[in-house]
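Data first, discussion second: the structure below is written as structure tokens.
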Amino acid sequence: MRWICALIQKDLLQTYRDKLSLLFTFLLPVVFTMFFGFLFGGVEGSSLPVAVVNQDPSGGTAAQLLKILENSDVVMLVQYDAKEAERAVADNRVAAALIIPRGFSSNTSSQETTSVNIVRNPESSGGRTACSAVRQAVGRVNGGRLAAQTALAALFPGIDPTDDPQRWSRALNAANAAMAKPALSIDLQSSGARAGEIPRGFDMSSPGMLINWILFGLLGSAITMVIERQNGALRRLLTTRVRPWQIIAGKGGAMITMTLAQQVVLIGLGQFAFGVHYLRSPGALALTMITLSVMSAALGLMLATLLRSEAALIAALVIVSMVLAALGGAWFPLEVTGPTFAAIGHLSPAAWVLDALRAIILRGWSVGQILPYLGAAWGYTVVFLGIALWRFRFE
Amino acid sequence: MGFIEADNLRKQFDPPRGVIAVDGVSFAIEAGEIYSLLGPNGAGKTTVISILSCLLRPTEGDARVGGNSVVHQAAAVKSLIGMVPQDIALYMDLSARENLVFWGKMYGMVGAELNRRVDEVLELIDLKDRQRERVDKYSGGMKRRVNIGVALLHRPQALYLDEPTVGIDPQSRRAILDAILEFRNQGMTILYTTHYMAEAQELSDRIGIMDHGRMIAEGTHEELVRIVGEDAHVQLSVDRNLEALMNVWPTLDGVGTVSAENGKITLLVHDATSTLPYLFETAQREGARITEISVMEPNLEMVFLHLTGRALRD
Ligand SMILES: Nc1ncnc2c1ncn2[C@@H]1O[C@H](COP(=O)(O)OP(=O)(O)O)[C@@H](O)[C@H]1O
Ligand SMILES: [Mg+2]
């Protein structure tokens, strides 16, 4: 172990000296995460942004409706004024706009029918989803009112239920409280991603770019290995007391260490700066990170074994990581490409790790639930490592 | 019994059809001796060193270092030897000190002992002042010195150096040769390879001349030179009366055979210094002038030429 640690330490020192590989490991992935995050819309995770124009700011009913919507994880409310809201819908910056007209609350207190306005883009599936969320919330507000009205009408026949405001508000509160714990409920179990089905914003770009750039975390170690072989240092190691397997383990160890460090930084930023919910299932996350690092190290060892020059290695790393990442859905969700391409995409080991990461972010899956995905990744790991060990040469 | 003994070493790469790089080489190096393998590129010197360092397994034969077989007791052999490869096998983006510390760890050294030894080696290779600079900032000679320093870390009893002076300036070369003589004086056994005749001559207690994987001659410098005799070769041209001189010169005292080729005359003489004046005198007497003359004392170059029919330098 002492030997392996010394070998890892040496590689890390060399990587630290190589500013270019640090740039590729940490800075570019962050830049690309932001770029793709904004490209895929929505700054805020996977809930749909909905513009709210509240022209009835003091009304109780309006407040109740907004409260229900705020608690929903399907939509996220953003305050706008009337003019801006329509433009935001037209520009697809929000899924829909909800306009609560002046006097909304006092009208609903009387017996008249009043309404809210929804503006949406008819082609957008997000707009439909947002609409149905608003409809649901309105339904709950209506339900509470009807229950209170019916109860008061039964108890005090012939009297307008809103005549005694105190009694009315007590009845309304009781009805709303009861509505919060309904006797009959629907448990919605979704098999795909939550809400809009397809990951958006940083939920899409953060894990995607993590996968896309992970191979660059081992660039330093891989380049060192090619140079070590060229100038005879690898061979010279064999004249010392270190054993061949320890040399290979040291290389792999350095690659795993670097990619883990890279993941901690990028996932930390994802969680705390971009609001991606990596920490919903910490155990599953840790296992996925280890899987990804070990798989990348195996792939890196294989490439550094097969390629004999620095230039060839760098080219291969760039091409391999871009192709595997794109194919695996790191750039755009495989869900939008249809089942055939999604199946082809899963030839890429990146697709399986990405599935695991998204299941953690969007659904909070546990270790047991993501194991099948990770199993596929370990299968690839064994193949990469097998080829690396088979072809490994010290000179 | 030698400290290093090679017994009928043979190495064929990629048998059965590959190159036979070493073909039945045997030699022995006494403890505390500098032994040089001299030969042109491709002679098999590096292959021999690799076998003696346990990096290559001989196809046939075996070698012993301090009584340990390089084939069967590799770990014991490795602890006795320090190997300086032909290439600069270092980490260019690390400093001399960082390199030495890393390689020291690879030899199993740790902590204060490692640090002390690194300081000592930096002193030995005279790089104490610039130990914190990256190796890729060093001159060729300094890189070579670090390359040697790495092999000294674990205090080996024998040091192998594979062409350690290739591509450096005369001053650095001088420093390295002096250091090697100093290591020998401190009791180290040294195996040195080179294709520079002068280095082998100056440095070595004994020399083995290799060509095409074979040991073609072996001995001290004096012993080897005796192969071509003790006569100096005098080569000259004259402007006229070549025939007449060809008849006169063989009769002079101290002159052996005389031959002419393409207008150039070659004489074997016992003692060039005393014979040269007579050559000029007789030429003048025949009405001829010596237009060009060179004297070659017997050396390893001539030995190689004599044994192989080729010049040592390509
Ligand atoms: N790894 C190898 N595979 C095949 N042939 C080799 C290998 N190493 C050396 N040779 C061949 O063996 C011969 C001796 O090489 P080498 O020992 O390096 O000579 P030297 O060190 O005297 O220049 C050369 O013909 C060389 O091409
Ligand atoms: Mg050589």
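The table below lists the values:
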| read-out | value |
| --- | --- |
| Entries of A:K67/A:K181; B:K45/B:K105; A:K251/B:K11; B:K11/B:K45; A:K251/B:K105 with Cα pairs more than 19 Å apart | B:K45/B:K105; A:K251/B:K11 |
| Chain A: most fluctuating residue of A:L152, A:L215, A:L299 per GNM, C-alpha cutoff 10 Å | A:L152 |
| Mean Cα-pair separation over length for the stretch B:152-228, i.e. relative contact order, pairs under 8 Å, 6 or more apart, % | 25 |
| Cα extents of chain A along the three principal axes, largest first (Å) | 103, 40, 38 |
| Largest to smallest principal axis extent of the C-alpha atoms in chain B, angstrom | 81, 48, 34 |
| Peptide B:98-109, shielding by other chains (average Cβ, 10 Å cutoff) | 5 |
| Gaussian network model of chain B, springs between alpha carbon atoms under 10 Å - residue of B:V303, B:V238, B:V48 with greatest fluctuation | B:V238 |
| Structure-based [θ]222 nm, chain A - -39500 (n - 2.57) summed over DSSP H runs of at least 4, per residue, nearest 500 | -20500 deg cm²/dmol |
| Alpha carbon Rg of the stretch A:294-344, scaled by the compact-globule rule 2.2 N^0.38 Å | 1.39 |
| Cβ-Cβ FRET estimate between B:T291 and B:Q73, R0 fixed at 60 Å, reported to 0.05 | 0.40 |
| Value of relative contact order over the stretch B:4-226, rounded to a whole percent, pairs C-alpha under 8 Å and six or more apart | 30 |
| The stretch B:71-130: radius of gyration over Cα atoms, expressed as a fraction of 2.2 N^0.38 Å | 1.24 |
| GNM top mover of A:L172, A:L210, A:L12 - chain A, alpha-carbon springs below 10 Å | A:L172 |
| Relative contact order of the stretch B:177-272, defined on C-alpha pairs under 8 angstrom at six or more residues apart (%) | 19 |
| Difference of contour (0.36 nm per residue) and Cα-Cα distance, B:H306 to B:I216 | 31.3 nm |
| Where only C-alpha atoms are counted, convex hull volume of the stretch A:192-335 per residue in Å³ | 114 |
| Compactness of the stretch A:48-180 as Cα Rg over 2.2 N^0.38 Å, two decimals | 1.14 |
| Fraction in percent of alpha-carbon pairs per bin - 5 Å, the stretch B:1-149 | 2, 9, 16, 17, 16, 15, 13, 9, 4, 1, 0 |
| Residues in the stretch A:320-351 that a label on A:L28 would reach, taking backbone N under 17 Å of a point 7 Å out along Cα→Cβ | A:320-327, A:330-331 |
| Order by protection proxy (mean Cβ within 10 Å, highest first), peptides A:79-88, B:290-299 | A:79-88, B:290-299 |
| Listed peptides B:26-39, B:224-237, B:169-182 by packing density, highest first (mean Cβ within 10 Å) | B:26-39, B:224-237, B:169-182 |
| Extension reserve of the B:E113-B:D62 stretch, reckoned as 0.36 nm per residue once the Cα distance is removed | 14.9 nm |
| Share of alpha-carbon pairs per 20 Å distance bin for the protein assembly as shown, given as whole % | 14, 29, 22, 16, 11, 5, 2, 1, 0 |
| Computed P(r) (all Cα pairs; the stretch B:194-298; 10 Å bins; percent) | 13, 39, 23, 19, 7, 0 |
| Computed [θ] at 222 nm, deg cm²/dmol, chain B (DSSP H ≥ 4; -39,500 (n - 2.57); rounded to nearest 500) | -10500 deg cm²/dmol |
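Any read-out appearing in this document is the output of simple, stated calculations on the displayed coordinates, not a laboratory observation. Everything quoted here is computed from the prediction, not taken from an experiment. When we count neighbours, we look across all protein chains shown, and the Cβ atoms used for this are built from the backbone with ideal geometry, even at glycine.
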